[in-house]
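Here's the structure, in structure tokens; my notes come after.
The values are calculated or read from the model by the stated rules, or taken from the named source; none is laboratory data. As the structure is a computational prediction, the values presented were derived from the model and not from experiment. Neighbour counts run over all protein chains shown; Cβ positions are idealised from the backbone, glycine included. Heavy atoms of the whole protein, side chains included, go into the accessibility calculation; ligands, DNA and RNA do not. Shrake-Rupley method; radii C 1.70, N 1.55, O 1.52, S 1.80 Å.
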Amino acid sequence: MKQHKTSSFVIDIKKSTFQRFKDEYFIYQYTLPPYLKYKKNYFGVLHNWAKSEITQPYFLHFPTKKVYVLIKKGEEPKKISFEDKELPLYEFNQYKETGYIHIWLKVLLAMFLELNSDFISNDTFYIHSELNRDRKWATVLKITLQHDYKEKESIVFNVTDSATRLKYVSLDEYQQYYSKDVPYGLTLKNGRAIFKQLKKHQLNENDIKIFVKPKPISGNKFKSKIDYHSIMDERNHEKSRSFLIQSFLNQYVEYLKKYDISVEIKNIELQRLDKKREKSSLQIKGFNVSLVDGRINRDIELNSVVNLAESLSDSIKLQVKDESELNSSDCALFVMDYNKSEFSEYFPEDTDPYDIFKTEAKNLNIPSQGICINENSVLEDNTNLTKEAYFNYNGLKGKNLERNLSICITQLYLKSLLNSEESKKLPDVDLLKDKVLVNNGMLFFISNGQLKITEIESISDFSEIVERITGRNDILEILIKMDKYHNPFQKDDAEIDMSKFKIIISSNSVLEIVDYPERAFYDDEEISSRIKTRNIKRPISDYKVEPLSDLHVRYNDYIEDNIEELNLSYEELKTKYGKGENGFIKELFYDGKELKTYKDTPFRKFLEENNGIAFKGLKEDKIFETYSGIWFSPHQLKYFVGRNNSYKSHQDKGFQMKKIIVHDGEFKKDEFFPLLNNDFIRYKELTVNPFPFKLIEIKTEMS
């Protein structure tokens, strides 16, 4: 078992006295009029009202239309009016009541982030990650505290996050296009750059830079992306998602403790379950693929662009065909020289040829898959390529082509299986024979050796299929309990929405898989320390050693003869001079028997032994171990899926937890996790959900 900190924190309400908080502050509750819910855009109305009326830290609770304001001891609570009606005022005292914990917690969050008397509070805030080159766009992390009400053993709050963008605008632009939107200003608080809402009078201040949430017409065509973690250097590490969340969480938890609140960052114990030798794969040998040329620019010879002969496996049989030559026994790979999302950029009045082809293929019952071999991209290049320039392409090559082609061939093969309903070609089919899986209102099951994916027509039909496959005759009662678990205040006769569930039903259990807003962290303090140590600039003389042997002499000579700089960090020395065919690490410390992807471990050991400079490897001590493979918490029935094999110095995935809820029976990990231990759903990566859920999604797309 391996223990990790998480992106959640636990409050022990029995041990919390709040004494130091109550010695300094009160919280007062103001109740807004009930007719507000009939007002158009009442969320915006309330925000604008609060910004103009309240100067202390506050939390605006929309569902109950109440405002909670922090008042210092010795000060009288201010009388506040809404539309000339004075609001009722009560002192808040429900600190120990579970249903009110989020109230005082978010008021304290407002105080934690308070800047001045013009502070504006809301339920979420934005942590600055980086500005683009022209400083017009800010990539930010949106942070929210979310109470896990269904956790009964303890009081747990999750820090949920999502990457988004804010756009810098001038005062004139704001007044002309964004006057009804919330303005944000970039500032520092607790050592962290954050964006806070601005009041109207602050917009005219000379040093204020105004940021807003972008409108669709603002030209922001990029997806918002923040790497989950990065150890490339200090700058990249400190703008990564994991660093930002951990920094916030560490500071906020310590802040709460100052006020006699018993709170700790939550830990989770995890064990690794996947075994490389047990990984399942598709057996695609002998798969026939018909290649259809659907490119706009056919002046470039197809084979010279795609280079398919070298990229495709010998086990796949490829034949180029015209659309008119296809028949019901074909599986068609449609080659495009445009990205589907970019077709309308150049042909706004035309229909996408691939959409037309898919319709025709569907009528012939032919599985089809598109592949784009144009390396140009309007989105990635952040420029408006002319039509001529966009279609003047070289074509994907090398690993990019190999990756895309492999993904498309696998997708096409899976579509072929779904069309033929041949269950025997699926891996781990024995684990699926007595199960019914539900995803997005669709059913997956195997009947008489045939793979069936069908829509849930009615609950009674669903119950009949479940009883026939699993022998269960109680699924309706379990569904009602399941729906009540997620919607405790729903009417008893409300219709059950099956599209919301991911369920695995067998004779001995009913399991549900839900996304859980929690992440497991590595030791950020240790990583930060290692990055800093390896990036400190040192006089180049510090790296020299006492000439005790031929190796020492040759190393010192290399330093003397090749390095121009007077000061270098270890990372700069290693990267600029140590690597490559003529680099000293390979030249001096390897005997020719090492792998091509050699490490710098012998050089670090050499420095430590001969001049006392010690550097720890950024990936040593299994510090990132949990970011590979399948990790499971038996006690909490949570899991997440990391990379398949190799670890990367920066990764964009956050490995969010999945939670397994047992609604009946018991959970058997030996029947569940083999369905994740494959790499044909995600390219060379383990799948996050049991793979039949993805097959349901593919079948839905084919319909």
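Report, by residue number, each residue of the range 516-561 that is among the aliphatic types (A, V, I, L, M) and either closer than 30 Å to Phe9 by Cα or assigned to a loop (DSSP other than H, G, I, E, B) (or both).
Ala520, Ile527, Ile531, Ile536, Val545, Leu548
Which ones in the range 153-172 are more than 27 Å from the chain's Cα centre (by Cα) and loosely packed, with under 15 Cβ neighbours inside 10 Å?
In the first step, residues of the range 153-172 are kept if they are more than 27 Å from the chain's Cα centre (by Cα); the result is 153, 169-172.
Passing the criteria: Glu153, Ser170, Leu171, Asp172.
For residues in the range 647-691 being open to solvent by less than 30 Å² (accessible area, probe 1.4 Å) and within 30 Å of Arg530 (Cβ to Cβ), which is modelled with the highest pLDDT?
Once the filter is applied, the top-ranked residue is Met657.
Hey, among the residues in the range 293-314 that are hydrophobic (A, V, I, L, M, F, W, C), within 15 Å of Ile371 (Cβ to Cβ) and in contact with a Phe, Trp or Tyr (Cβ under 9 Å, 6 or more places away or on another chain), which one's modelled with the lowest pLDDT?
Result: Val305.
Show me the strands (runs of 3 or more DSSP E) found entirely inside the range 1-117 where at least 1 residues are loosely packed, with under 14 Cβ neighbours inside 10 Å. Outline the logic, then answer.
Numbers: elements: 2-11, 25-31, 58-61, 66-72, 89-91.
Once the strands (runs of 3 or more DSSP E) in the range 1-117 are filtered for at least 1 residues that are loosely packed, with under 14 Cβ neighbours inside 10 Å, what remains is 2-11, 66-72, 89-91.
Could you identify the single residue in Asp227, Asp293 that is within 30 Å of Glu323 (Cα to Cα) and in contact with a strand residue (DSSP E or B) (Cβ under 7 Å, 6 or more places away or on another chain)?
Asp293
Asp227 is checked against (1) at pLDDT 80 or above; (2) surrounded by fewer than 16 Cβ atoms within 10 Å (Cβ to Cβ) and fails just one. What number does that condition carry?
Failed condition: (2).
Quick test of your reading of the structure: Val662 fulfils all but one of (1) β-branched (Val, Ile, Thr); (2) under 17 Å from the mean Cα position of the chain (by Cα); (3) part of a strand (DSSP E or B). Name the failing condition by number.
Among (1) β-branched (Val, Ile, Thr); (2) under 17 Å from the mean Cα position of the chain (by Cα); (3) part of a strand (DSSP E or B), Val662 violates only (2).
Which residues, taken from the range 396-438, are basic (Lys, Arg) and open to solvent by less than 10 Å² (accessible area, probe 1.4 Å)?
Initially, the range 396-438 is screened for residues basic (Lys, Arg), giving 397, 399, 403, 415, 424-425, 433, 435.
Result: no residue meets the conditions.
Out of the residues in the range 338-352 meeting the condition of being in contact (Cβ under 8 Å) with a residue 12 or more places away in the chain, open to solvent by less than 70 Å² (accessible area, probe 1.4 Å) and not acidic (Asp, Glu), tell me which one is farthest from Leu396 (Cα to Cα).
Tyr346
Matching residues to (1) over 30 Å from Glu572 (Cβ atoms); (2) among the hydrophobic types (A, V, I, L, M, F, W, C):
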site	(1), (2)
Lys199	yes, no
Gln202	yes, no
Arg235	no, no
Ser242	no, no
Val253	yes, yes
Val263	yes, yes
Arg272	yes, no
Lys285	yes, no
Glu301	yes, no
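Need a quick list: helices (runs of 4 or more DSSP H) entirely within the range 342-440 having at least 2 residues that are hydrophobic (A, V, I, L, M, F, W, C), within 30 Å of Asp322 (Cβ to Cβ) and modelled with pLDDT under 90.
By residue number, 398-420.
Being loosely packed, with under 15 Cβ neighbours inside 10 Å and within 18 Å of Lys699 (Cβ to Cβ) narrows it down to one residue among Ser458, Ser499; which is it?
Matching residue, one of Ser458, Ser499: Ser499.
Check Ile504, Ile465, Ile478, Ile513 and return the single one that is part of a strand (DSSP E or B) and over 24 Å from the mean Cα position of the chain (by Cα).
Going through Ile504, Ile465, Ile478, Ile513 in turn, the sole match is Ile504.
Is it true that some residue in the range 249-266 is polar (S, T, N, Q), within 21 Å of Leu145 (Cα to Cα), open to solvent by less than 20 Å² (accessible area, probe 1.4 Å) and modelled with pLDDT of 90 or more?
Looking for residues that are polar (S, T, N, Q), within 21 Å of Leu145 (Cα to Cα), open to solvent by less than 20 Å² (accessible area, probe 1.4 Å) and modelled with pLDDT of 90 or more, one finds none in the range 249-266, hence no.
Go through the range 118-127 and report how many residues are within 25 Å of the chain's Cα centre (by Cα), modelled with pLDDT under 75 and either in a strand (DSSP E or B) or charged (D, E, K, R) (or both).
Residues flagged as within 25 Å of the chain's Cα centre (by Cα), modelled with pLDDT under 75 and either in a strand (DSSP E or B) or charged (D, E, K, R) (or both) within the range 118-127 amount to 2.
Give the residue that is modelled with the lowest pLDDT, with candidates limited to residues of the range 188-208 that are closer than 16 Å to Ser129 by Cβ and buried (at least 17 other Cβ atoms within 10 Å of the Cβ).
Once the filter is applied, the top-ranked residue is Ala193.
Would the range 504-520 turn up any residue that is small (Gly, Ala, Ser), modelled with pLDDT of 90 or more, over 30 Å from Phe584 (Cα atoms) and open to solvent by 30 Å² or more (accessible area, probe 1.4 Å)?
Yes, some residue in the range 504-520 is small (Gly, Ala, Ser), modelled with pLDDT of 90 or more, over 30 Å from Phe584 (Cα atoms) and open to solvent by 30 Å² or more (accessible area, probe 1.4 Å).
Would you mind telling me which numbered condition in (1) over 30 Å from Gln3 (Cα atoms); (2) without any contact (Cβ under 8 Å) to a residue 60 or more places away in the chain; (3) open to solvent by 50 Å² or more (accessible area, probe 1.4 Å) Tyr555 fails?
Looking at each condition in turn, Tyr555 falls short on (3).
Of the residues that sit in the range 128-145 and are among the aliphatic types (A, V, I, L, M) and at pLDDT 85 or above, which one is surrounded by the most Cβ atoms within 10 Å (Cβ to Cβ)?
We begin by selecting, within the range 128-145, every residue among the aliphatic types (A, V, I, L, M); these are 131, 138, 140-141, 143, 145.
From what is left, the residues that are at pLDDT 85 or above are 138, 140-141, 143, 145.
Working: Ala138: 22, Val140: 27, Leu141: 22, Ile143: 21, Leu145: 17.
Looking at the filtered set, the residue picked out is Val140.
What pairs come out if I take residues in the range 68-91 that are touching a residue at least 24 places away in the same chain (Cβ under 8 Å) and farther than 11 Å from Thr31 by Cα and pair them with residues that are assigned to a loop (DSSP other than H, G, I, E, B) and open to solvent by 30 Å² or more (accessible area, probe 1.4 Å) whose C-beta lies under 7 Å away, six or more apart or interchain?
Val69/Gln56; Leu70/Gln56; Ile71/Gln56
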